[in-house]
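Following: one structure in structure tokens, then a few remarks.
Quick note: the coordinates plus some simple rules give every number you see, no bench work behind them. In this text the structure is predicted, and so the values were computed from the model without any measurement. Reconstructed Cβ throughout: ideal geometry from the backbone, glycine too, with neighbour counts over all protein chains shown.
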């Protein structure tokens, strides 16, 4: 925690940069970040965890039940990585590779994460079904939308806690973009998450795979409804 250049938040233009050693509490309290990101950071664990845990440690750990990988995937975040061969940037879609696995090589370090501003007529949200003890997501859903002339112009949706890694909900996004903002559109899009889950839904003693599969559209819909309300 004493490497100062890895800790803190900066904004340049429409991009927010978050150092890898920035704590969850700092992210939750920051002004101007996408609502879904601050919201998710404030839901992690308990105050002790939020004041010690960092965004870099969280995403590099790549726990599929963690909140931030899901949100950062929906937001199309960029990850700044440094290693013996220099620096590179990796999208969230490519950073999370599998079960507790990322694109980081053995000689690389995550330096920070970049996310874009929420633009006018845009909103984002995160909703989850938490494990009552750990607060990890048994089902998590993040959504970001941009509305123009009564229609969804852009959408980013991801789910977590269900599959071996945070999963972009391409079918949900496709069901939104270009269609009118309505309860019917949101309901149909949320139901489409079934097409994104495939056969990789996980189950454990806390919640079976079938239960999680049934809950996925419920929480996708909640995230979408809140994101739309914030974009209005």
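Each of residue 202 and residue 182 was given a label point 7 Å from its Cα along the Cα-to-Cβ line. The distance between the two points is 3.9 nm.
The angle between the Cα long axis of helix 209-231 and the longest principal axis of the Cα atoms of the chain comes to about 90 degrees, rounded to the nearest 10.
Put a dot 7 Å past each Cα toward the Cβ at residue 46 and residue 89; how far apart are the dots in nm? For the pair residue 89/residue 46, the computed spacing is 3.9 nm. Could you calculate the FRET efficiency of residue 107 with residue 29 from 1/(1 + (r/R0)^6), where r is the beta carbon distance between them and R0 is 30 Å, rounded to 0.05? Computed FRET efficiency for residue 107 and residue 29: 0.35. Distance between the modelled labels on residue 14 and residue 214, one decimal in nanometres: 4.2 nm (7 Å Cα→Cβ projection). On the beta carbon distance between residue 4 and residue 131, with R0 = 41 Å, the FRET formula returns roughly 0.75.
Ratio of alpha-carbon Rg to the 2.2 N^0.38 Å globular estimate for the range 29-120, to two decimals, please. Intermediate values should be presented prior to the final figure.
Numbers: Rg = 13.2 Å, N = 92, 2.2 N^0.38 = 12.3 Å.
Its radius of gyration relative to the 2.2 N^0.38 Å reference: 1.08.
Where only DSSP H runs of four or more residues are counted, the chain gives -10000 deg cm²/dmol as its mean residue ellipticity at 222 nm, each run worth -39500 (n - 2.57).
Using 1/(1 + (r/R0)^6) with R0 = 41 angstrom and r between the beta carbons of residue 153 and residue 194, what's the FRET efficiency to the nearest 0.05?
Details: r = 25 Å, r/R0 = 0.60.
So the FRET efficiency works out to roughly 0.95.
Between the range 1-31 and the range 137-205, what is the separation of their alpha carbon centroids in Å? Here the two parts' Cα centres lie 28 Å apart.
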